[in-house]
Amino acid sequence: MTIYEVAQRVGVSIATVSRALRSGGQVAGETRRRVLEVVEELQFRPSRLGQSLAEGRHAANGIVFPDLSGPYYAEVILGYEEVAAEVGSSVLILATHGRTDPGRKVLDLARRVDGMAIMGRTVSDGVVAQVAATGMPTVLLARLPVGELDTVTTDSEASARELVAHLVAHGYRRFAYLGDPDESSDVTARYDAFRSALVDRGIRPPRAPLRCAFDVPAGQEAARRALAGSPPPQALVCANDEVALGALAAAKQLGRSVPDDVAIVGWDDVMAARYAGLTTVRQPMRELGATAARWLQDRVASSRLPVRREVLRTQLVIRTSCGQHPNEMEVP
């Protein structure tokens, strides 16, 4: 239910409904009684956006991110904010990385906004369910569905299999995976598809990933450990481009030629990957954020929409880090 539906049922303006629900609002006693009866009948939960619209105030949406560092999150936020700006909403951003009790922080944010997008494994499914139970319009992005909430993700499985097929076709047989699948639903899907694709081709997958954070220094250190193995892997498959850029730096420091001695591939296709000649999987990062913002605005405006689930397409981009000739490189 929305404030518009309550107003229509009672036969008054949304401003009158908003005043009737506020203590001290100047509304006749009989009108207030009728509003409260309809609110109870429709089980209407007032949203801050509805009140903001009624009172001409500025509305705000919340978005919960694992971390604000790195180009991937920056692109998602840009897509989200562009749509929010179009509909006149400001954006409150909460990054959970390094915070104690992130669940409480998210629940606190939910009391200050009109709707919320929650990304990745920032909080548990239980916290997400608590937010949804308050009636807060909620959209999930880049994480597995929870209950009946709208969820938008990007394809990981098909692209991971396509990437493995390309590497195997180039003769690579010894692999290492750099990144921690437990830290991200997307990375879990990539890693599982990577291992499954190798098994399907009769190739033994690595026993375990080389777990590391999703940044350049962590990727550099993980790559140094991987390349110290005997025999060393022929290809490093990295959870994201930042890890892969760190791996490129490690290979250079160790005097390893890329791709002659070791192939290195990433995921996301951030700008730096294009200039580094990094083979990667291009993600629609801005579209991911924009879709979440659009869906959230729709959900705030009406609770009667059917539940939406969408998987956005990704694209394998081949560059020199796994065998493409420099003359064939994609121009950034």
Check off (1) outside any helix (DSSP H, G or I); (2) at pLDDT below 95; (3) surrounded by fewer than 17 Cβ atoms within 10 Å (Cβ to Cβ) for ASP182 and give me the number that stays unchecked.
(1)
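From the set of residues in the stretch 107-161 that are on the phi > 0 side of the Ramachandran plot and surrounded by fewer than 16 Cβ atoms within 10 Å (Cβ to Cβ), which is modelled with the highest pLDDT? Give the derivation first.
Kept after step one, since they are on the phi > 0 side of the Ramachandran plot, are these residues of the stretch 107-161: 120, 135, 142, 147.
Keeping just the survivors that are surrounded by fewer than 16 Cβ atoms within 10 Å (Cβ to Cβ) gives 135, 147.
Numbers: GLY135: 82, GLY147: 91.
So, considering only residues that are on the phi > 0 side of the Ramachandran plot and surrounded by fewer than 16 Cβ atoms within 10 Å (Cβ to Cβ), the one modelled with the highest pLDDT is GLY147.
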Selection within the stretch 186-204 - surrounded by fewer than 17 Cβ atoms within 10 Å (Cβ to Cβ), in contact (Cβ under 8 Å) with a residue 12 or more places away in the chain and not charged (D, E, K, R):
SER196, ILE203
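Considering each residue of the stretch 96-106, count those that are out of contact with any Pro (no Cβ under 6 Å at 6 or more places or on another chain) and either part of a loop (DSSP other than H, G, I, E, B) or at pLDDT below 90 (or both), and give that number. Please lay out each step first, then the result.
Let us first name the residues in the stretch 96-106 that are out of contact with any Pro (no Cβ under 6 Å at 6 or more places or on another chain), namely 98-106.
This time we only want the ones that are either part of a loop (DSSP other than H, G, I, E, B) or at pLDDT below 90 (or both), so: 98-101.
Summing the residues that are out of contact with any Pro (no Cβ under 6 Å at 6 or more places or on another chain) and either part of a loop (DSSP other than H, G, I, E, B) or at pLDDT below 90 (or both) in the stretch 96-106 gives 4.
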Could we say that PRO137 is assigned by TED's automatic domain parsing to the domain that holds ILE63 and under 13 Å from the mean Cα position of the chain (by Cα) here?
no
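Out of the residues in the stretch 210-240 that are surrounded by fewer than 16 Cβ atoms within 10 Å (Cβ to Cβ) and among the charged types (D, E, K, R), which is nearest to ASP192 (Cα to Cα)? Quick ask: steps written out before the conclusion?
We begin by selecting, within the stretch 210-240, every residue surrounded by fewer than 16 Cβ atoms within 10 Å (Cβ to Cβ); these are 211, 217, 225, 228-232.
Next, from what is left, pick out any that are among the charged types (D, E, K, R): 211, 225.
Details: ARG211: 14, ARG225: 22 Å.
That would be ARG211.
If we only count helices (runs of 4 or more DSSP H) wholly inside the stretch 1-88, which ones have 2 or more residues that are of a type outside the set (D, E, K, R) and modelled with pLDDT of 75 or more?
Working: elements: 3-10, 14-21, 29-42, 48-55, 71-86.
Once the helices (runs of 4 or more DSSP H) in the stretch 1-88 are filtered for at least 2 residues that are of a type outside the set (D, E, K, R) and modelled with pLDDT of 75 or more, what remains is 3-10, 14-21, 29-42, 71-86.
The values are calculated or read from the model by the stated rules, or taken from the named source; none is laboratory data. The model shown is predicted, which means the values in this text are computed figures rather than measured ones. When we count neighbours, we look across all protein chains shown, and the Cβ atoms used for this are built from the backbone with ideal geometry, even at glycine.
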